[in-house]
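Asker: Have a look at the structure that comes next, please.
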Amino acid sequence: MSDLSASVAVPSMRRSHLQVKLLEWLRSGLAILTVVICLVGVWYLAVMPMNIHTALTDAERAGAVIQPETAAARRDLGGVGLLLNNFDHAGATFNQDRPRLPSPHQVVEELWDTTVGKRITSKRSLVYHGWITLSATLLGFGIGTVAGILLAIGIVHNRAMDMSVMPWAIASQTIPILAIAPMIIVVLNSIGMQGLVPKAMISAYLSFFPVVVGMVAGLRSPEVSQLDLMHTYSASRNQVFWRLRLPASMPFLFTSLKVGIAASLIGAIVGELPTGAVEGLGARLLAGSYYGQTIQIWSALFGAAILAASMVAIIGWIQKLTLSRMGMLR
Amino acid sequence: MMTQSEIGGAAAEATKPAVIEARDVSLTFETNDGPVHALRDVNLQINKGEFVSFIGPSGCGKTTFLRAVAALEHPTAGTFTVNGMRPDEARQARAYGYVFQAAGLYPWRTIGKNVSLPLEIMGYSKAEQEERVARVLDLVELAGFEKKFPWQLSGGMQQRASIARALAFDADILLMDEPFGALDEIVRDHLNEQLLELWKRTEKTIGFVTHSIPEAVYLSTKIVVMSPRPGRITDVIDSPLPSDRPLEIRDTPEFIEVAHRVREGLRAGHVDD
């Protein structure tokens, strides 16, 4: 018995690097899976009381007897109370056409149906709408990032800009984007700009800020002795910028970009709302709420979340690649 | 008392040209708690090829003195001359290399690239950069580490790389601000030995800030003892030790006597306090 356990223990002590990596992945994968299962469980539990009203009304029309019997009494009872009184009708809450809260499998089905199940040129394809929003997001993110970096360079190198720009940048972010988005759309429309550009402007408006804040911190991150060293070489401002400040700011830049791209997506979606729900993820959300299509709303929401997560992941991957090539990752 | 020993030192070295000269230098920092007199009426002459250590408790102005020589600080009174020029001009003329307490290598540059940093800034050709990097890395015994990143090297090796960086552009003055302060005793001994070797081979003039008495005595041809509030020079000791200095020299009576005198100087500074 002890011989057996010893012979089992020895190989497991000598795990290869690959095995250790695999085990790590398995462990973190298991943790993520556990959380997902819990969330989906809570979601299904919530679906029952949320949709029980409709389920019972339909059942009554079909001739079933519901507790309590009068509609007035039912109105006074909450969703949980109704559910407990009529638990045998709980099954009817999961697959309604217009549920108050769609169940997870309905959202997944809708996501599958509107991505894989439709031609991407179709107006009903989520990929089509996603691309409309993504293109505005990327353009806005590009503009916002460039503007943010230029402003940060100005702030770090110019005392007047240092004193004047930051308060305005902060003030710009205190204005609710929902209030200013229609203004931007209307103003740009009156000078003949429609579609992509106005949405991108709103995206840029949201995404430049984290880039400014991060890059100012990054460009100022070199230590005094590192700057003094440059000074002893009589290095020009340009040389200090390209050889010291900019490379030192890279970790800060990528962190800001991750925040910025998520903000950009929000900006693009918000920018689609006042245009009257023509195309884009924002349009899907708005149209869904006009027509009570909760499944469509939720699938658009998840589409947006998946899009944001993928973009953040891509930036994270570029960050890893860049920093390891720079020798700044161990 | 201070001026006496200072004049005595200057007379003995009169044959060699002065490389660094401080005349009645005072330097006051304005702080929220009132003015801090980092240096007051400091006079000193450093001649070509000397190895001069500055020793004293914190706040005695030894680092400030070195920084003022490098034009990183500017005296509020008096003048500095470096190679016959003002410190700013001397910096423009690439008169000195500066080594900071932290190695301060740029983490995104390899060791070779770190050493060639001043060369890039000063506009040396690619070929000359490579040749010089190879030569100075060899000088600090880091040949073969060009492609490594700083984090792959020990603290002592990083500091050696930063010395190589200061040597790369042939400045004939080397200013070192507690370069080995953060290293352990054994590494420090080794680096001290190497630094002496390097000094003899390159015939540079070295200004070296430390607060280790043995380090100052072991390395220097001249030891400048300083004391704080206000920062000033209390003693200048010309070392009687031979230029050939194995580590064992630290057990000889001569060495112990010089160390004793340094200690006395430091104590005198404290009595004034």
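No value in this document is a laboratory result; all are computed from the given coordinates. This is a predicted model, so every value here is computed, not measured. Positions of Cβ are generated from backbone atoms using ideal geometry, with glycine treated the same way; all protein chains shown enter the neighbour counts.
Asker: One-quarter of the Cα convex hull surface for segment A:2-99, in nm²? Walk me through the numbers on the way to the answer.
Answerer: Details: hull surface 45.2 nm².
If I average the Cα hull's projected area over directions, I get 11.3 nm².
Asker: Can I get the semi-axes of segment B:102-170's equivalent ellipsoid? Compute them from the C-alpha gyration tensor as square roots of 5 times the eigenvalues, in angstrom, largest first.
Answerer: Values: eigenvalues 62, 28, 22 Å².
They are 18, 12, 10 Å, listed from largest to smallest.
Asker: What percent do you get for the relative contact order of segment A:2-99 when only Cα pairs under 8 Å and 6+ apart count?
Answerer: Details: 47 pairs, mean separation 29.0, N = 98.
Averaging sequence separation for qualifying contacts and normalising by length gives 30 percent for segment A:2-99.
Asker: Would you kindly derive the ³J(HN,Hα) couplings of segment A:165-182 from the backbone phi angles with the Karplus curve 6.51 cos²θ - 1.76 cosθ + 1.60 (θ = phi - 60°), listing them in order in whole Hz, with x for Gly and Pro?
Answerer: 6, 4, x, 5, 4, 5, 4, 4, 8, 8, 7, x, 5, 5, 7, 8, 4, x
Asker: Please label the shape of segment A:95-248 as rounded, prolate or oblate, based on the square roots a ≥ b ≥ c of the eigenvalues of the alpha-carbon gyration tensor (a/c under 1.5 means rounded; beyond that, a/b larger than b/c means prolate, else oblate).
Answerer: Values: a/c = 2.88, a/b = 2.18, b/c = 1.32.
The shape class here is prolate.
Asker: Now, a different point. So if the hydrodynamic radius of chain A is defined as the Kirkwood radius over C-alpha pairs, what does Stokes-Einstein give as its diffusion coefficient at 20 °C and 1.002 mPa s, in µm² per second? Walk me through the numbers on the way to the answer.
Answerer: Details: Rh = 24.4 Å.
After rounding, the answer is 88 µm²/s.
Asker: Under the definition of partner shielding as Cβ atoms of other protein chains within 10 Å of a residue Cβ, what is the mean value for peptide A:231-239?
Answerer: So the per-residue partner count for this stretch is 6.
Asker: Moving on. Sorted by average packing, counted as other Cβ atoms within 10 angstrom per residue and highest first, what order do A:90-99, B:227-236 take?
Answerer: On the way: A:90-99: 16.2, B:227-236: 22.0.
Packing proxy ranking, top to bottom: B:227-236, A:90-99.
Asker: Apply the Karplus parameterisation 6.51 cos²θ - 1.76 cosθ + 1.60, with θ equal to phi minus 60°, to every residue of segment B:130-145 and state each ³J(HN,Hα) to the nearest whole Hz, in sequence, with x for glycine and proline.
Answerer: Once θ is set to phi - 60°, the couplings for segment B:130-145 become 4, 4, 5, 4, 4, 5, 6, 5, 5, 4, 9, 6, 10, 4, x, 9 Hz.
Asker: How much mean residue ellipticity at 222 nm does chain B get from its helices, if each DSSP H run of length 4 or more adds -39500 (n - 2.57) and you divide by all residues, to the nearest 500 deg cm²/dmol? Intermediate results must be reported in sequence, preceding the final value.
Answerer: Numbers: 9 runs with 108 residues, N = 273.
Calculated at 222 nm, the ellipticity per residue is -12500 deg cm²/dmol.
Asker: Using θ = phi - 60° and the Karplus form 6.51 cos²θ - 1.76 cosθ + 1.60, what ³J(HN,Hα) does each residue of segment B:23-30 get, whole Hz, x for Gly and Pro?
Answerer: Couplings: 10, 6, 7, 10, 9, 10, 9, 8 Hz.
Asker: Dividing the convex hull volume of the Cα atoms of segment B:141-273 by its residue count, what figure in Å³ per residue is obtained?
Answerer: Working: hull volume 17.1 nm³, N = 133.
Dividing the Cα hull volume of segment B:141-273 by its residues yields 128 Å³.
Asker: Let me ask something additional. On the first, second and third principal axes, largest extent first, how far apart are the outermost C-alpha atoms of the protein assembly as shown in Å?
Answerer: That gives 119, 84, 53 Å along the principal axes, largest extent first.
Asker: Please report, in debye to the nearest 20, how large the charge dipole of the protein assembly as shown is about its Cα centre when each Lys and Arg carries +1 at its beta carbon and each Asp and Glu carries -1 there.
Answerer: Details: 54 positive and 55 negative charges, 431 e Å.
It comes to approximately 2080 debye.
Asker: Sticking with this one: Quickly estimate the mean residue ellipticity at 222 nm for chain A, helices only: each DSSP H run with n ≥ 4 gives -39500 (n - 2.57), and the total goes over all residues, rounded to 500. Don't skip to the end; give the middle numbers.
Answerer: Working: 14 runs with 250 residues, N = 330.
Taking each H run of at least 4 residues, the total per residue is -25500 deg cm²/dmol.
Asker: Given H placed 1.01 Å from N in the peptide plane, which residues other than close sequence neighbours of A:Gln67 have an amide H under 5 Å from its amide H?
Answerer: So A:Gln67 has HN proximity to no qualifying residue.
Asker: Here is a follow-up. Take every Cα pair under 8 Å in chain A that's 6+ residues apart, average their separations, divide by the length, and report that relative contact order as a whole percent. Mind dumping the intermediate values first?
Answerer: Details: 376 pairs, mean separation 59.7, N = 330.
Reported relative contact order: 18 percent.
Asker: Give me the distance between the Cα centres of segment A:121-158 and segment A:271-310, rounded to whole Å.
Answerer: 18
Asker: Per residue of B:99-110, what is the mean number of Cβ atoms on other protein chains within 10 angstrom of that residue's Cβ?
Answerer: So the per-residue partner count for this stretch is 5.
Asker: Now for a different question. Work out the length of the dipole vector of chain B about its Cα centre, built from +1 on the beta-carbon of each Lys and Arg and -1 on the beta-carbon of each Asp and Glu, and round it to the nearest 20 debye. Before the final figure, lay out the partial values.
Answerer: Working: 30 positive and 39 negative charges, 132 e Å.
Rounded to the nearest 20 debye, it is 640 debye.
Asker: Normalising by the residue count of segment B:102-170, find the relative contact order in percent from Cα pairs under 8 Å and 6+ residues apart.
Answerer: On the way: 80 pairs, mean separation 34.9, N = 69.
Relative contact order for segment B:102-170 comes out at 51 percent.
Asker: Oh, and also: For chain B, state the semi-axes of the equivalent ellipsoid (square roots of 5 times the eigenvalues of the alpha-carbon gyration tensor), sorted largest first and rounded to whole angstrom. Don't jump to the answer; show the numbers that get you there.
Answerer: Numbers: eigenvalues 181, 96, 64 Å².
Equivalent ellipsoid of chain B: 30, 22, 18 Å, largest first.
Asker: For segment A:21-180, how big is Rg over Rh, using alpha carbon atoms and the Kirkwood form of Rh?
Answerer: Numbers: Rg = 25.6 Å, Rh = 21.4 Å.
My calculation puts Rg/Rh at 1.20.
Asker: Of the peptides B:97-105, B:30-38, how do they stack up when ordered by the mean number of other Cβ atoms within 10 Å, highest first?
Answerer: Numbers: B:97-105: 22.8, B:30-38: 11.9.
Ranked by mean Cβ neighbours within 10 Å, highest first: B:97-105, B:30-38.
Asker: Take A:Thr174, B:Thr63 and order them by how many other Cβ atoms sit within 10 Å, fewest up front. Show your work: numbers first, answer last.
Answerer: Values: A:Thr174 6, B:Thr63 21.
Result, fewest neighbours first: A:Thr174, B:Thr63.
Asker: A further question on this structure: Could you size up the charge dipole of segment A:2-99 around its Cα centre, putting +1 on the beta carbon of Lys and Arg and -1 on that of Asp and Glu, and report it in debye to the nearest 20? Kindly include the intermediate steps, with their values, before the conclusion.
Answerer: Values: 8 positive and 8 negative charges, 113 e Å.
That gives a dipole near 540 debye.
Asker: Residues of A:222-228, mean number of Cβ from any other protein chain within 10 Å of their own Cβ, rounded to a whole number? Please report the intermediate quantities before stating the final value.
Answerer: On the way: counts 2, 3, 3, 8, 5, 2, 7.
Partner-chain Cβ atoms within 10 Å, mean over residues of A:222-228: 4.
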